[in-house]
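Below is one structure; the comments refer to it alone.
The values are calculated or read from the model by the stated rules, or taken from the named source; none is laboratory data. What you see is a predicted model; the values in this text were computed from it and never measured. Cβ coordinates were reconstructed from backbone atoms using ideal geometry, including for glycine residues, and neighbour counts include every protein chain displayed.
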Amino acid sequence: MKRAAAANALTQGDDGLPVFGDVGPWVRDDKHRVLGEYLKLHAHPRAGFDHRTYVELFCGPGRARVRGTGEFIDGSPVVAWKASQVKAPFTAMYIADSNSEARDACAKRLRKLGAPVIEVEGDALTAAAAIVPQLDPYGFHFAFVDPYNLGELRLELLSTLATLKRMDQMVHLSAMDLFRNLDHNLAGDRQEFDDFAPGWQERVKPSLPRDEQRRAIVEHWKAHLDALGLYAHSEMKQVRNSVNRDLYWLLVLSRHPLAGKFWEIVLDSGPQPRLL
């Protein structure tokens, strides 16, 4: 999902640091709740490793204001750090964001909480390429890949993270971009899908209904993940806005089936749609 301009804009928060100024309540109620619950379960295997790393490449400022209510809420890196305290705190938290002001605010918030934060400059792909070589190949790691739009969910980015054997990933897949921008990408006016699922045009027949075209794109993306040795669980967390439209889906990628079992527990609160 492309964040609305108001949500992308930074404004002063209740702690004097910049925050995202306008996010929907689903960020707190769905995305952050699921992230926190998953990381608490993730702590069980994580506790057996000396090096336990959290990576977030679109970290934002670490705090936001909810639209309509004015309530201030933690951003995902802060949610993740607090959730990790249950059993196995992360031994390092690598954060990156192309917006240096937002990244700096996030780092300050995490340091106030005692988190072992490491800031990395550059866009997500550049940061991932810098971070991965620094991580212990025998450690246990987790990446939250929460891009601003589908075009930022580059296959090359997931591939870079996947070079580590024990790197689970929770991924934000933009439903809005997939639905709204299909025609533009089919016409060649935009190229977001090229980075997301290279070669997708070969799988999408112009004669197919739109829903089947979208399904074919996602299936092609999953085939790329399979080639990387990543298992994408078929069920996903559907995140909808106030008018009940799909905004994005959250799903877990991992090399180990235990991640899928944890994901099933998190999603057990109710029936979830299957990945297209």
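Condition first: farther than 22 Å from R166 by Cβ, in contact with a Lys or Arg (Cβ under 6 Å, 6 or more places away or on another chain) and not aliphatic (A, V, I, L, M). Now tell me which residues in the range 215-233 satisfy that. Passing the criteria: only H220. Inclusion of A83 among residues that are modelled with pLDDT of 95 or more, under 18 Å from G139 (Cα atoms) and small (G, A, S) is not warranted.
Mind counting the residues in the range 55-74 that are outside any loop (DSSP other than H, G, I, E, B) and in contact with a Leu (Cβ under 8 Å, 6 or more places away or on another chain)?
Residues that pass the stated criteria total 2.
G62 satisfies every condition listed in (1) surrounded by 18 or more Cβ atoms within 10 Å (Cβ to Cβ); (2) over 18 Å from P116 (Cβ atoms); (3) touching a Gly at 6+ places or on another chain (Cβ under 9 Å) except (2). Considering (1) closer than 20 Å to R166 by Cβ; (2) surrounded by fewer than 24 Cβ atoms within 10 Å (Cβ to Cβ), say which one E56 fails and leave the rest. Status for E56: all satisfied but (2).
Each row is one residue, and each column tells you yes or no for (1) touching a strand residue (DSSP E or B) at 6+ places or on another chain (Cβ under 9 Å); (2) surrounded by fewer than 19 Cβ atoms within 10 Å (Cβ to Cβ); (3) closer than 16 Å to H32 by Cβ.
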| position | (1), (2), (3) |
| --- | --- |
| G75 | yes, no, yes |
| A80 | yes, no, yes |
| Q85 | no, yes, yes |
| A88 | yes, no, no |
| A92 | yes, no, no |
| A96 | yes, no, no |
| E101 | yes, yes, no |
| D104 | yes, yes, no |
| R111 | yes, yes, no |
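Scanning the range 127-150 finds one or more residues that are modelled with pLDDT of 95 or more, surrounded by fewer than 20 Cβ atoms within 10 Å (Cβ to Cβ), of a type in the set (S, T, Y) and more than 13 Å from the chain's Cα centre (by Cα). For the subset of the range 91-138 comprising residues that are in a strand (DSSP E or B) and of a type in the set (G, A, S), which member is farthest from P18 (Cα to Cα)? Checked the range 91-138; the qualifying residue farthest from P18 (Cα to Cα) is A92. Of all residues in the range 220-276, how many are more than 20 Å from D29 (Cβ to Cβ), at pLDDT below 90 and hydrophobic (A, V, I, L, M, F, W, C)? So the count comes out to 3.
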